[in-house]
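The values are calculated or read from the model by the stated rules, or taken from the named source; none is laboratory data. None of these values were measured; they are calculated from a predicted model. All Cβ positions, even for glycine, are placed from backbone atoms using ideal geometry, and neighbour counts span all protein chains on display.
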Amino acid sequence: MSQMRIVVFHDTYGCETGCCGHVIEADGETASFEFEHPWNESSLEFAQRLVRDMYGEEHIKDLDWDNCIVRVD
């Protein structure tokens with residue numbers, strides 16, 4: 001059984017208004033676009049919150065947060 005790969009990254013909404021936010025991608029498929037940014041939390045805390053809000057605590061408790069890669073561009 002392979003592990004699910006979840007990626008959270010900054011992107012534009014795809015319109016010409018300059019809207020941006022963060023995409024949650026699960027196994028290469030866009031799962032959600034959130035018009036949010038990590039203003040008062042670390043990048044890791046921000047990604048954890050977005051994924052937790054989307055999938056629920058019970059579905060993410062076995063994710064390997066200690067070995068995740070956080071990249072801020």
Worksheet item: Within segment 1-55, which residues are outside any loop (DSSP other than H, G, I, E, B), more than 15 Å from Cys68 (Cβ to Cβ) and β-branched (Val, Ile, Thr)?
Response: Thr12, Val23, Thr30
Worksheet item: Across segment 23-35, what is the number of residues that are surrounded by 12 or more Cβ atoms within 10 Å (Cβ to Cβ) and more than 16 Å from Arg5 (Cβ to Cβ)?
Response: 2
Practice prompt. Evaluate segment 60-73: report whether one residue or more is modelled with pLDDT of 85 or more and either of a type in the set (Val, Ile, Thr) or out of contact with any helix residue (DSSP H, G or I) (no Cβ under 6 Å at 6 or more places or on another chain) (or both).
Written response: no
Worksheet item: What is the one condition in (1) under 20 Å from Leu63 (Cα atoms); (2) surrounded by 11 or more Cβ atoms within 10 Å (Cβ to Cβ); (3) out of contact with any strand residue (DSSP E or B) (no Cβ under 8 Å at 6 or more places or on another chain) that Pro38 does not satisfy?
Response: (1)
Response to the item:
Here the qualifying pairs (Cβ atoms under 6 Å; residues six or more apart or on different chains; first in segment 19-32 and among the polar types (S, T, N, Q); second in a strand (DSSP E or B)) come out as Thr30/Val23; Ser32/Ile24
